[in-house]
């Protein structure tokens with residue numbers, strides 16, 4: 001297995017607060033990598049550092065050996081890193097189908113004029129965009145509501161649409177920020193299967209933040225535990241579960 | 001430029017700069033609380049000048065529908081200025097009720113608040129024009145009573161002229177700034193205002209009536225705008241109901257310069273632009289009106305957060 | 001008919017012209033950016049056309065090109081406006097929020113002061129006696145009309161293309177669009193430049209139409225008027241600017257009997273429309289249609 005994504009002594013300070021402090025870990029190609037930790041542990045900040053939405057204070061991020069730190073979010077996305085957001089950031093005023101079409105931006109080329117004149121290549125491209133958007137909608141089971149505005153979807157459907165939108169980038173890695181939030185236990189079960197299925201189908205590497213420990217333990221190949229911005233441990237679920245620092249962090253936080 | 005000329009320009013600059021400062025503070029207060037620019041602020045500036053004029057002179061302008069009406073009373077300039085500013089503050093409150101609150105309660109797009117406040121500005125200005133006409137006029141020279149119109153400073157052969165109005169403008173502005181600083185920095189109202197500016201929803205959880213403090217803010221903003229308009233009006237005359245527009249736009253340059261939402265920034269920005277305008281050489285005086293906007297561009301290029309603003313961390 | 005065009009030709013062309021200016025705000029708004037620069041580019045375009053049509057320096061050009069000087073003026077106005085828009089837009093559009101609106105206000109004011117003071121723009125008096133392209137006012141529909149059609153086609157295509165989707169994504173959520181691989185600065189600048197080029201060309205077409213050109217063409221008030229066209233018509237539909245432009249620029253004509261009070265009414269329209277028609281007229285019509293089809297089951301089409 002090869003290393004796909006690598007964080008080296010990553011730091012982010014907000015004023016005096018060390019939201020992420022000297023975090024080092026590696027993500028292997030094809031794995032489902034869980035990120036857990038109590039509230040405020042810095043999990044989402046870490047995601048934001050990885051996708052360029054928050055600049056790092058120090059440290060380096062590498063993707064296939066290329067340095068990501070310092071790149072703007074769209075350049076990072078263009079390298080094949082897709083994400084979802086903890087508080088769902090769909091394009092609410094656009095239809096479900098358009099939400100997915102938007103994300104195919106990096107895999108398409110047509111410009112202002114070729115779009116206007118409808119050149120043959122732009123028409124071929126547009127057809128491909130359309131087909132893929134329908135395909136992804138079908139994958140998350142929303143194809144019968146393609147024309148509806150994203151804002152009108154239920155919470156769970158919005159989460160699924162957001163995953164489909166991230167997949168439209170043709171990513172190599174997807175970062176899912178609390179994908180199971182607000183779901184009941186049978187939906188959570190379904191989500192686990194879904195994440196495995198997309199991993200296999202699109203040959204993805206998946207990073208996910210999740211609070212629901214059983215789900216993470218079942219789903220993830222490896223887990224990293226953060227507490228107060230610091231990485232406590234990284235390892236397979238069984239090891240992590242036995243780690244005393246982890247137990248303390250969770251019990252201490254209660 | 002010799003030292004005397006420098007002194008003259010400097011005095012002119014800090015006088016007008018101090019008005020820019022209190023005017024721009026009106027924008028800043030609203031911006032720091034709502035994150036929106038109140039485009040009716042320039043109209044309040046105009047309104048303030050007309051109100052003060054009417055109270056001090058006893059008549060409503062010169063033309064328009066009210067041309068022949070006389071007020072049954074006349075106040076001294078100081079009192080007129082104060083009442084004019086209070087009334088402008090009330091107009092500010094009215095602007096909030098008409099143009100901002102209906103949109104806020106619905107959680108509407110902030111762009112719409114720009115349009116609705118522009119609409120209120122348009123109504124205010126044109127209503128003024130309808131009522132008092134579009135003539136240009138100035139405060140009578142005896143409006144301050146017996147004080148001599150100017151003080152002359154002899155420096156060697158040269159002469160520095162300080163108009164009384166300039167001193168009054170500077171003094172009033174400084175008093176207003178000091179009071180405002182005290183209000184915001186040291187009183188309970190000020191603390192609550194700062195809490196609302198920091199985070200409105202947290203403030204409301206803490207039991208602060210956010211809507212009421214937004215009204216206070218608009219009152220203060222209108223008060224400052226009306227005061228600034230009156231001061232400029234006494235110094236340069238009232239150039240018709242549209243005379244607030246250019247000051248309104250200039251005020252925007254001032255707040256960008258100082259840093260959007262920064263209170264000390266608005267004061268510094270006002271002073272810098274006032275001084276910069278004063279130091280424009282007389283052969284380029286036609287371009288004086290563009291100075292503030294040139295500064296705005298320079299700031300956007302070099303230091304977008306403004307002189308005293310801090311770069312904000314986007315919340316994801 | 002001739003009599004009608006004699007009386008109302010000027011008004012009809014003006015309605016089209018104002019709608020076009022509404023579109024110059026619509027494109028930046030499509031990418032979520034409030035630009036108040038249109039009057040600046042409009043004035044600039046007009047000056048370019050007016051100077052090319054009157055200045056001594058361009059006399060040989062006029063002799064050589066005949067009426068061709070007019071299209072050349074449109075082209076020059078479009079190109080110069082576009083370049084200037086890049087220079088204004090890039091610093092302002094790196095930033096999120098209200099900065100573009102403020103920078104464009106500054107741009108319009110600076111340009112106005114400059115035009116008031118330069119000899120080539122005729123100073124405060126402006127340029128007058130601009131040669132005519134057509135004999136009658138009404139005939140100018142043959143320049144503004146095709147441009148409007150072109151813009152309508154352009155809007156229609158843009159809405160359904162990759163670039164248009166990028167615009168809308170930025171409008172909806174700039175940060176999320178960035179995370180989905182869209183370079184926000186680039187597309188915001190592009191949207192702004194499209195609007196500027198359009199305003200410049202409309203200005204160049206308007207100079208002969210209006211016969212005189214001066215610094216009053218580009219003021220802050222005009223910015224507000226154009227913004228009102230778009231928002232009241234509906235900023236989320238390609239038909240909004242057309243509808244708003246036609247209705248609001250006809251309004252002063254309809255209110256003419258009210259004289260001075262008509263600007264007050266204009267202001268009231270802005271306030272009420274932003275409060276009660278947040279999606280504009282097109283949006284309101286859309287929601288009524290949704291209401292009738294979904295709730296009342298009227299006019300529901302079979303899938």
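Taking every alpha-carbon pair under 8 Å whose residues sit at least 6 apart, chain C reaches a relative contact order of 33 percent. Take every pair of alpha-carbon atoms less than 8 Å apart whose residues are at least six positions apart; their mean separation over the length of chain B yields a relative contact order of 35 percent. Comparing mean-square fluctuations of B:156, B:207, B:251 from a GNM of chain B with C-alpha springs under 10 Å, the top value falls on B:156.
To make sure I understand, if each residue's beta carbon is the centre and we count other beta carbons within 10 Å, what order do C:115, C:153 fall in, fewest to most?
C:153, C:115
Counting beta carbons within 10 Å around each of C:79, C:254, C:51 and listing the fewest first gives the order C:254, C:79, C:51.
I'd like to compare C:6-15, C:190-199, A:195-204: which one has the highest average count of other Cβ atoms within 10 Å, and what's the full order after that?
Order by mean packing, descending: C:190-199, C:6-15, A:195-204.
For region A:91-168, the alpha carbon convex hull comes to 84 Å³ per residue, rounded to a whole number.
Residue ranges A:26-32, A:61-67 sort as A:26-32, A:61-67 when ordered by packing (mean number of other C-beta atoms within 10 Å per residue, highest first).
Between the helical axis of C:141-159 and the longest alpha-carbon principal axis of chain C there is an angle of about 30 degrees. Helix A:185-202 and the longest principal axis of the Cα set of chain A meet at an angle near 70°.
Could you give the angle, 0 to 90 degrees to the nearest 10, between helix C:261-276's Cα long axis and the longest principal axis of the Cα atoms of chain C? That helix lies at roughly 30 degrees to the long axis. Counts of other chain beta carbons within 10 angstrom of each beta carbon in peptide B:241-248 average 1.
Residues considered: C:116, C:175, C:152. Largest GNM mean-square fluctuation over chain C, using C-alpha springs under 10 Å, is found at C:175.
Using the Cα gyration tensor of region C:27-69, with a ≥ b ≥ c the square roots of its eigenvalues, what is the shape: rounded (a/c below 1.5), prolate (a/b larger than b/c) or oblate (neither)? Cα axes put region C:27-69 in the prolate bin.
The order of A:136, B:111, going from fewest to most other C-beta atoms within 10 Å of their C-beta, is B:111, A:136. Oblate is the label for chain B, because a/c, from the alpha-carbon gyration tensor with a ≥ b ≥ c as root eigenvalues, is 1.5 or above and a/b does not exceed b/c. Residue ranges B:101-109, C:25-33, B:290-298 sort as C:25-33, B:290-298, B:101-109 when ordered by packing (mean number of other C-beta atoms within 10 Å per residue, highest first). Counting only Cα atoms, region A:176-240 measures 31, 27, 21 Å along its principal axes, largest extent leading.
Determine the shape class of region B:89-205: with a ≥ b ≥ c the square roots of the Cα gyration tensor eigenvalues, call it rounded for a/c under 1.5, and otherwise prolate if a/b is greater than b/c, oblate otherwise. Judged from the Cα gyration tensor, region B:89-205 comes out oblate (a/c at least 1.5, b/c at or above a/b).
Dividing the summed helix terms, -39500 (n - 2.57) for each DSSP H run of n ≥ 4, by the number of residues in the protein assembly as shown produces a 222 nm estimate of -20000 deg cm²/dmol to the nearest 500.
Comparing A:96, A:19, A:147 in a Gaussian network model of chain A (Cα springs below 10 Å), the most mobile by mean-square fluctuation is A:147. If you take each beta carbon of peptide C:209-222 and count the beta carbons of other chains within 10 angstrom, what is the mean? The per-residue average across the peptide is 1. Every Cα-Cα pair in chain C was counted, and those over 26 Å apart are 48% of them. Using the Cα coordinates of the protein assembly as shown, the gyration tensor eigenvalues translate into equivalent-ellipsoid semi-axes of 51, 36, 26 Å, sorted from longest to shortest.
Since every read-out is calculated from the coordinates, none of them should be taken as a lab result. What you are looking at is a predicted structure, and each value in this text was computed from that prediction instead of being measured. Don't worry about glycine lacking a Cβ; one is built from the backbone with ideal geometry, like all the others, and counts go over all protein chains shown.
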